[in-house]
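Single-structure report; data block below.
The values are calculated or read from the model by the stated rules, or taken from the named source; none is laboratory data. Predicted, not measured: the structure shown is a model, and the values here were computed from it. When we count neighbours, we look across all protein chains shown, and the Cβ atoms used for this are built from the backbone with ideal geometry, even at glycine. SASA here: full protein model, heavy atoms, side chains in, ligands and nucleic acids out. Shrake-Rupley method; radii C 1.70, N 1.55, O 1.52, S 1.80 Å.
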Amino acid sequence: MRYLGGWRGEGEGDGGWSTVTRPLVTSATAQSYFYFGFVFALTYVLACLLIFAWKGCRLPYPARGGVNRWGLEVAFLVVYAVVEPARLVMASAANKALHARGMYSSALFAAPVLGLHAYYAWGQTYALKIDVFLNVCGMGFLGVQTALSLFAAGAFPASGLGLSRSSDAA
């Protein structure tokens, strides 16, 4: 009988193969949310660029105090396009490496992203219904990803929170 690439016969024990089972410590659910967060961020940035192009052509943006409001809103989108993928990469890598500090850092980076979503949903010069919908979806993704990150980081070995079995030995 063939067993995991090696022959397993009677009286040979496990045939040289160890069958050590370890629980999955990384969060597969969080990892899938990080993946779909990447997909959402890319879709969000492309949709917002199209919406801003339409707004720039069709709507009169006021220039108050010499500040170009349309340019400022596009600049915020560029900041989002840099910070959100960096946050997702940090969270994904920390989840795979069981690195609690990286998960907590990605949770801290969620605050400015939440602020940008809130600004784009309710604070920008012309907030369309599609803007509100996209940004509320983004806030939902962000909230679930942050909650899953914090829960998973608390379960990592040596996270210092006393939630894992490895901290019981200390």
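Sorting VAL113, VAL82, VAL45, VAL67 by accessible area puts them as VAL82, VAL67, VAL45, VAL113; the probe is 1.4 Å, largest comes first, and only protein heavy atoms count. Taking all protein chains together and a 1.4 Å probe, the residues TYR44, TYR33 rank TYR33, TYR44 from largest to smallest accessible area.
Ranking of ILE130, ILE51 by solvent-accessible surface, largest first: ILE130, ILE51 (1.4 Å probe, protein heavy atoms only, all chains present). Taking other residues whose beta carbon is less than 14 angstrom from the beta carbon of ALA91, and scoring Lys, Arg as +1 and Asp, Glu as -1, yields +2. CYS57 contributes about 120 Å² of solvent-accessible surface, heavy atoms of the protein only, 1.4 Å probe.
Each residue was assigned an accessible area with a 1.4 Å probe, and for THR29 the value is about 80 Å².
Each residue was assigned an accessible area with a 1.4 Å probe, and for PHE76 the value is about 70 Å².
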